[in-house]
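Here is the structure we will look at.
The values are calculated or read from the model by the stated rules, or taken from the named source; none is laboratory data. Not measured: the values here are computed from a predicted model. Every residue, glycine as well, gets a Cβ built from its backbone with ideal geometry; the counts of neighbours run over all protein chains shown. All accessible areas refer to the heavy atoms of the entire protein, side chains included, with ligands and DNA or RNA removed. Shrake-Rupley method; radii C 1.70, N 1.55, O 1.52, S 1.80 Å.
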Amino acid sequence: MKRKKIILSSVLIIMLSLLVSGCWNRREMNDLAIAVGMGIDKAEDGQYEVLVQVVDPSEVSVRKPSGNRAPVIVYSAKGGTVFQAIRRMTTFTPRKVYFSHLRMFVFGEALAREGISKPLDFLSRDQELRTDFYIVVGRGTTARDILNFYTPLDKIPANKMYQSLEVSDRMWAPTVSVRLDDLITDLTSYGKDAVLTGILIKGDSEEGKKKENVELIESPALLKYSGLGMFSGDKLVGWMNETESKGFSYLTDKLQNTYIQLPCKSGGKAGVEVIRSKTKVKAKLNQDRPSIDVSLRTEANIADVECNMDTNQQSTLRELEQTTGQIMVHNAKKALERAQAEGTDVFGFGEAVHRAYPSYWNRHKKEWPQLFKELQVNVQVDFNIRRTGTIGNSFLSDVKG
């Protein structure tokens, strides 16, 4: 009987503890301001200006919104550190800013050229922040102008930027999506410098801040990803154009899918769609001088033909493969020339040397920026066309003229 009472008491205690227990760090949604975008600019007085794009729940809910207010609000504050600026926001934000749903982080170009490592400490240290958001640089503009922007199709600008970068990274080679962990790794590793995709305003930036920007069929202003920003250490030192950015993707095994246009011998042009690609990098050492061999194996389909070309002939396809391979080599060399001119190894060739020749690397890693400027890189492309599409030869030659 006594044993039964003890068991019954234990069960009762467990049941009561389950009833009264709760999540110790529970946050009520009504008490939080959900941040989806964040940016940092350098203020004129030398402090950081931190901007946070917060969702207005009533304007993005499934229920009919009022339509009178913007779907997001941007708060900003200045501080000597990022954390100080965020806490200073509490003097005018009605709720505490919550960062666990952050999608995009934007550095203004002026700040990026001065250095980004110090602001990154807060992003990597704060327990609320996950690391699955993307980081970009405002090209020729500020984080303020980027975050204060009405975007079509998606009510929340940060979501639009996130989705656009994901699609562009997957389908178009000149952009790369970089997360926090990858960026910090590149900033702290010898033999690999960082890159970030640039984002700019196409059109009138002042028009993009008005609600009318999403009320017209053709928006007067759009956010556009453009080129790759190259870093030396934690400082932005230059930009790659579209051709060079494509070459970067070829050399770093980031190419998933893209389009390559090429001229036809008979006049006009044609294009191929890359469907898969694999890059291999091998370091060599000859008389204490390193070199790099890069080999690409790429497969593609014919995307369009706007010239007289017999795509049913294997000789024609072989010629297309050769021409396209030469274009890829050209783009890769342009990217290499641009990076070598800035002395920034954004391709990670130093890491390849480190893996192959660790003792050589340990002796010369501090000199790598200078060695990289003179590094010989050999690029070979094995390009294969797999399909010509749903038709063989184009109907263009049969069009009545």
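Placing one equal scatterer on every Cα of the stretch 67-116 and applying the Debye formula, the log10 ratio I(q)/I(0) at q = 0.30 Å⁻¹ is -1.26. FRET efficiency for the pair residue 185 and residue 399, taken as 1/(1 + (r/R0)^6) with r the Cβ-Cβ distance and R0 = 56 Å, rounds to 0.55.
What net charge is computed for the residues neighbouring residue 116, neighbours being all others with C-beta under 14 Å from the C-beta of residue 116, Lys and Arg scored +1, Asp and Glu -1? It works out to a net charge of -4. For the stretch 283-333, the set of trypsin sites (Lys or Arg not before Pro) satisfying both a DSSP loop assignment and a count of at most 11 other C-beta atoms within 10 Å is empty.
The equivalent ellipsoid of the chain has semi-axes of 45, 30, 26 Å, largest first, where each one is the square root of 5 times an eigenvalue of the Cα gyration tensor. The modelled label-to-label distance between residue 304 and residue 205, using points 7 Å beyond Cα along the C-beta direction, is 3.3 nm. Summary: within the chain, the longest segment free of chymotrypsin sites (Phe, Trp or Tyr not before Pro) located in DSSP loops with at most 16 other C-beta atoms within 10 Å is 191-401.
Each helix, a run of at least 4 DSSP H residues, gives -39500 (n - 2.57); summed and divided by the residues of the chain, these come to -10000 deg cm²/dmol at 222 nm. Across the alpha-carbon atoms of the stretch 84-242, the computed radius of gyration and Dmax are 15.9, 49 angstrom. Taken over the stretch 156-205, the ratio of Cα radius of gyration to 2.2 N^0.38 Å equals 1.35. In the stretch 149-287 the Cα-Cα distances spread across 10 Å bins starting at 0 as 10, 30, 32, 20, 6, 1, 0 percent of all pairs.
Computed over the stretch 194-259, the percent of Cα pairs more than 19 Å apart is 49.
Of the trypsin sites (Lys or Arg not before Pro) found in the stretch 341-372, none is in coil by DSSP with at most 10 other Cβ atoms within 10 Å of its Cβ.
At a 1.4 Å probe radius, carbon and sulfur cover how many percent of the accessible area of the stretch 202-250? The C+S portion of the solvent-accessible surface of the stretch 202-250 is 47 percent.
Solvent exposure of the chain amounts to 54 Å² per residue of accessible area, where only protein heavy atoms count and the probe is 1.4 Å. Rg over Rh for the stretch 300-401 works out to 1.23, using Cα positions for both radii and the Kirkwood form for Rh.
Applying the Karplus relation 6.51 cos²θ - 1.76 cosθ + 1.60 with θ = phi - 60° to the stretch 124-136 yields 3J(HN,Hα) values of 7, 9, 5, 6, 6, 7, 7, 10, 9, 8, 9, 10, 9 Hz, where x marks Gly and Pro.
Amide hydrogen proximity for residue 232: with H placed 1.01 Å from N in the peptide plane, the residues at 5 or more positions away or on another chain lying under 5 Å are 237.
Mean projected area of the Cα convex hull of the stretch 117-206, taken over all directions, amounts to 7.2 nm².
With a cut-off of 9 Å between beta carbons, the residues surrounding residue 51 carry a summed charge of -1, where Lys and Arg count +1 and Asp and Glu -1. Exposed loop sites here are GluC sites (Glu not before Pro) assigned a DSSP state other than H, G, I, E or B and surrounded by at most 14 other beta carbons within 10 Å; excluding them, the longest clear run of the chain is 219-373.
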